[in-house]
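Working notes for the structure below.
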Amino acid sequence: MFRQSVFLLLIFPLVVWAQPKHRTEVLLLMGSRFEITPFAANDSIVDAAILAAVAEVKRVEGLISEWIPQSEISKINNNAGIKPVVVPDELFFLIKRCLKISELTDGAFDISWAAARHTWRFDGTMSGLPDPAVIDSMKKLVNYKDIVLDDSAKTVFLRNKGMAIGLGAIGKGYAANRMKAIMLSMGVENGIVIAGGDLIAWGVPEDGKLWPIGIANPDNPNTAMAWFAVGPMAVVTSGDYEHFAIIDGKRYGHIIDPRTCYPVEGIRSVTIICADAELADALATSVFVLGVESGIALVNQLKGVECVIVDDKGEMITSTNLNINRYSASDQQQQHSITIGR
Ligand code: ADP
Ligand code: MG
């Protein structure tokens, strides 16, 4: 189902662009708002790049969506507890990378969360909390160690009946990487794409300039809470303000703690900055589950990865290599800029 999504990241490309030509295409893909902005020598390359990027996202979605009945992921899910399924190399290696992130995060990231996908729904159709007995039975099904890969046969097997996998926490990051790769191969040397909350920029917006990126304010996602300037980087935000359920006046965000099978609490948004959008996407979800302390500790161990968390009190917490600079934009308004490197 397509849901209108709001900006998670705001870009301000309001400088006067000289050469080359560029255009921003805004459209709904993978249930989220996408923005595709290639910069190229002429308009026809820009137009062709946008068409190719959109076709690529649709291809990726057809491969990895757990909501499309004919997708390769659905074939795996339909054969849970029955038999291994041969999948294309592209999907096999993507799932393999997911399992690596699960190991790295001690199971905080777990694509087998999807056993709970019909129990926890974040599309406005939930009216009460799930039956605790149902949650209990689900806990036995959510465990990445029961996803069995066979490297030579290229098969994926979900060991137990009722298991399912879903790539919602990494799919848009992967799609953002693919859009960049396709456009780069067509001669688009500078560009920026936003796939829901997942942004990747390559090249430069203008000679000597960096890409100005805003981190959305979770209380008012169309405004920036902080901004910073980055080079060719991925900046990915997971927030609790896009897909959530309100039950008895309480907000439940769409990230599930695999240990409890309940939505995670305590964090409003996590932004990860690193070179790769897929990794950034997976880590943003992971840090959400790990919580502020363990999440920051993990990011601090990873070279080339930085993180900004907004907690449920609206406080910003960053990895040790980021600086938050506060300044007053006006008497009422406090602004923040973030710089990398202390
Ligand atoms: P967004 O979709 O807003 O970019 P995320 O990247 O954090 O947010 O992905 C959240 C999605 O990831 C959920 O909608 C669900 O599909 C899936 N998911 C939820 N909990 C987990 C988890 N613990 N590990 C992996 N995937 C998860
Ligand atoms: Mg994610």
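All of the numbers you see were taken from the coordinates with simple rules; none came from a lab. Everything quoted here is computed from the prediction, not taken from an experiment. Ideal geometry is used to build each Cβ from the backbone, glycine not excepted, and the neighbour counts take in all protein chains shown.
Here, the chain has an Rg and a Dmax of 20.0, 64 Å when only alpha carbons are counted. Between R97 and L302, what is the label-point separation in nm under the 7 Å Cα-to-beta-carbon projection? Going from the L302 label point to the R97 one covers 1.2 nm.
For the range 113-175, the convex hull spanned by the alpha carbon atoms encloses 103 Å³ per residue.
Let's test the formula: R0 of 41 Å, r as the Cβ-Cβ distance of E265 and L27. What FRET efficiency results, to the nearest 0.05? Step by step, r from the Cβ atoms, then E = 0.80. On the principal axes of its alpha-carbon atoms, the range 72-158 has extents of 45, 28, 23 Å, going from largest to smallest. The aspartates and glutamates within cross-link reach of K172, meaning a Cα-to-Cα straight distance under 14 Å and a gap of 8 or more places when in the same chain, are E35, E56, E61, E66, D198, D276, E278, D281.
Dipole check for the chain: with +1 at the C-beta of Lys and Arg, -1 at the C-beta of Asp and Glu, and the Cα centre as origin, the magnitude is about 540 Debye. The label point for A181 and the one for K161, both projected 7 Å from the Cα toward the Cβ, are 3.8 nm apart. My understanding is that a pair violates if its Cα-Cα distance is over 18 Å; which of K96/K140; K58/K180; K21/K209; K96/K303 do that in this structure? Pairs exceeding 18 Å: K96/K140; K96/K303. In the chain, taking the dipole from charged Cβ atoms about the Cα centre, the farthest positive-side position among L99, S238, W227 is held by L99. If R0 is 22 Å, the Cβ-Cβ spacing of A153 and N78 corresponds to a FRET efficiency of close to 0.75.
How big is the dipole moment of the range 144-196 about its Cα centre under a simple scheme where the beta carbon of each Lys and Arg is +1, that of each Asp and Glu is -1, and everything else is neutral? Debye, nearest 20, please.
So the dipole magnitude of the range 144-196 works out to roughly 180 debye.
Annotation: lysines with alpha-carbon distance below 19 angstrom to K250 (same-chain offsets under eight excluded): K313.
If R0 is taken as 22 Å, the Cβ-Cβ distance between D312 and A133 corresponds to a FRET efficiency of 0.15.
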